[in-house]
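> Provided herewith is a single structure, encoded as structure tokens, for subsequent inquiry.
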Amino acid sequence: MAEGNVLGAKEENVLITVGDCSLTLLPRLGGKIASVCVKGRELLQAPLAPRAARTRTMSFDAGDASGWDECFPSVADCTVETVAGTAHVPDHGDLWRVEWQPVASSANSVAFRGQCFSLPLSLERKVTLTETAKGWRLSLEYKATNTGSIPSPWSWAVHPLFASGAGDRVVLPESIHTLRLEGSGGGRLGKGGDQVSWPIAKLVTGGETDLSVGLPPESGVGDKLFAGPLAAQENWCALERPKAGVRIRFSFDSAVTPYLGLWICYGGWPDRPGTKQNCVAIEPATAPVDSLAKTGPWSRVLAPGESSSWPMVVDLESI
């Protein structure tokens, strides 16, 4: 196995390389994983606009809307009540907007921590890259901590935008037959909260579509769906990209992160004029909804000083 190398841990860009695979992280821009490159091929969604500093109130589509971010403590912008008063969480959460601080680094791993501003919370993420018999493995360790003096609600979803298109395929465990619809561009699959069949779903206008099959960018599709709560054997999802020669397989602990979000976008977002996303985001999550303000049995609260930890693994397999 090739040895790893970490460069620039104190600089704006952090590069991890193991053989023919490399990761680029941007601590100053929300800890973003800006690049996952295998054998010279970029796997992540390219920036829709130049990367630049973010404000605390801007919408996600006002930025570069690319790469891999962490949505914490909410995906959707929302207002939540705490014992200290009303908290306003912005679009896609706090952490893609703030500079992350270094925690530790080694030959093939780095750890950074981001501090929220809407709620008294921090998120630490350790990223380790190794080579395997089939390709490369990205191992991630997360820890959410209440850094304040009051109880704080929270939710988390990973937000990795992998470039995708016609001929690609999303693969879920065979036991999953329905998903909850969070939103669908143009209402093509229905309205938020509807149950949608997987993989063959009915269209509101009539007919059917195979949600597992990638479409060309002129399709104008943009759908967000959730699976879960997931059983122990349902703790994975994969994106197969035959033309790129890679299979991207996520696995996670369904006891701690029991939901799986899917963002399927083939030219259907952003709604504004300009360049569109062509990507699939596989999003292990703590909740089956985007908004922290929507409560249910999935809702979580951290007491002052309390932490919650969970793992995730991404295998990049040659096919």
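> Listed residues 74, 35; which is within 30 Å of residue 132 (Cα to Cα), out of contact with any helix residue (DSSP H, G or I) (no Cβ under 9 Å at 6 or more places or on another chain), buried (at least 17 other Cβ atoms within 10 Å of the Cβ) and not aromatic (Phe, Trp, Tyr)?
Residue meeting the stated conditions: 35.
> While we're here: I'd like to check something: does region 182-196 contain any residue that is among the β-branched types (Val, Ile, Thr) and over 23 Å from residue 276 (Cβ atoms)?
Checked against the condition, which is being among the β-branched types (Val, Ile, Thr) and over 23 Å from residue 276 (Cβ atoms), region 182-196 yields no hits at all.
> Of the residues that sit in region 78-92 and are in contact with an Asp or Glu (Cβ under 9 Å, 6 or more places away or on another chain), in a strand (DSSP E or B) and not β-branched (Val, Ile, Thr), which one is nearest to residue 156 (Cα to Cα)? Outline the logic, then answer.
Pass one, region 78-92, residues in contact with an Asp or Glu (Cβ under 9 Å, 6 or more places away or on another chain): 78, 87-92.
From what's left, in a strand (DSSP E or B): 78, 87-89.
If we keep only those that are not β-branched (Val, Ile, Thr) too, we end up with 78, 87-88.
Details: 78: 14, 87: 17, 88: 16 Å.
Filtering region 78-92 for residues that are in contact with an Asp or Glu (Cβ under 9 Å, 6 or more places away or on another chain), in a strand (DSSP E or B) and not β-branched (Val, Ile, Thr), the one nearest to residue 156 (Cα to Cα) comes out as 78.
> Considering each residue of region 198-214, count those that are assigned to a loop (DSSP other than H, G, I, E, B) and of a type outside the set (Gly, Ala, Ser), and give that number.
Summing the residues that are assigned to a loop (DSSP other than H, G, I, E, B) and of a type outside the set (Gly, Ala, Ser) in region 198-214 gives 6.
> Restricting attention to region 130-164, report how many residues are buried (at least 23 other Cβ atoms within 10 Å of the Cβ) and without any contact (Cβ under 8 Å) to a residue 12 or more places away in the chain.
Qualifying residue count, region 130-164: 0.
> Tell me which residues, restricted to region 1-51, are at pLDDT 95 or above, basic (Lys, Arg) and over 16 Å from the mean Cα position of the chain (by Cα).
Of everything in region 1-51, those that are at pLDDT 95 or above, basic (Lys, Arg) and over 16 Å from the mean Cα position of the chain (by Cα) turn out to be 28, 39, 41, 51.
> Residues of region 237-258 being over 20 Å from residue 177 (Cβ atoms), assigned to a loop (DSSP other than H, G, I, E, B) and among the polar types (S, T, N, Q), which ones?
Of everything in region 237-258, just one residue is over 20 Å from residue 177 (Cβ atoms), assigned to a loop (DSSP other than H, G, I, E, B) and among the polar types (S, T, N, Q), namely 257.
> Additional query: Looking at region 112-163 only, could you name the residues that are of a type in the set (Ser, Thr, Tyr), assigned to a loop (DSSP other than H, G, I, E, B) and out of contact with any Ser or Thr (no Cβ under 6 Å at 6 or more places or on another chain)?
Matches in region 112-163: 118, 132, 149.
The values are calculated or read from the model by the stated rules, or taken from the named source; none is laboratory data. Everything numeric in this text was worked out from a predicted model, so none of it was measured. Neighbour counts are summed over all protein chains in view; Cβ atoms, including those assigned to glycine, are modelled from backbone coordinates with ideal geometry.
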